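The values are calculated or read from the model by the stated rules, or taken from the named source; none is laboratory data. Just so it is clear, the model here is predicted, and its values are computed rather than measured. Reconstructed Cβ throughout: ideal geometry from the backbone, glycine too, with neighbour counts over all protein chains shown. To get the accessible areas, we keep the full protein, side chains included, count just its heavy atoms, and leave off ligands, DNA and RNA. Shrake-Rupley method; radii C 1.70, N 1.55, O 1.52, S 1.80 Å.
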Amino acid sequence: MSVFLLAGIVKGVIGLGLPTISMGLLTVVMAPASAASLLIIPSLVTNIWQLFIGPAFLRLIKRLWGFIAGIFIGTLFSVLPGLTSTSSWTEAALGIVLIMYGLWGLIATKLPSPGKSEKWLSPLIGYITGAITAATGVFVIPAVPYLQSLQLNKNDLVQALGLAFTASTIALAIHLSLDNKLDHIDYYLSAIALIPAIIGMYAGQYLRELTFRRCFFIGLIALGAYMAMK
């Protein structure tokens, strides 16, 4: 439960990171597929909450439908080995994704706006995000940097992230169910994990964001490096 409390604090401070930090820490002690199934309820509920906090839902759906469709297609028809694969590649891939995300967070370089390329780039970025989600259970790369490049205002960006994360969580749940991994989920434990996640979200709002962001991303890089080397 402490993992979900910490993950909730991260999400409360910077608006994302619950599945990222949860997957990173849980896979140290359990299989990636088991970790991903455990965080489905906390991730889904907190992301739906984030999705409906603003008024731009329908407008964002209209703009990002290709991106969302790409996430589902990429997750369900990924060219990468899935979470349920017995290959040790899965944990190493998760470590690499955590390192990439941590480095990007520290550099904080904003990508240029896609402009007219958005129509074809959105489905492509969505597919890549979905493929990485199916392989690692983490759906922040390249979705988050891409959404930040769309020049949305702060409220719309938070809602767009909620939309992307909700779609990714649902797609991941479908992916796991097709591989018969959802039959072994402890739904009670997954629901209980929602409580510390929400408490952490509220607590995170009172932390100093800048200092916390640096510590979070540095820690993420260290965790990713440990997983990749292991």
Point to revise | HN-Hα J in Hz across region 140-156 - Karplus 6.51, -1.76, 1.60, θ = phi - 60°, x for Gly and Pro | key: 9, 10, x, 4, 5, x, 5, 4, 5, 7, 7, 6, 7, 6, 4, 5, 5
Study note, to complete from the structure: Given a Förster distance of 45 Å, the FRET efficiency implied by the Cβ-Cβ spacing of LYS110 and LEU189, rounded to the nearest 0.05, works out to 0.70
Point to revise | In sequence order, calculated HN-Hα J values of region 57-64 (Karplus, 6.51, -1.76, 1.60; Hz; x Gly/Pro) | key: 4, 5, 5, 5, 4, 4, 7, 10
Point to revise | Sequence of MET100, MET30 from largest to smallest accessible area, 1.4 Å probe | key: MET100, MET30
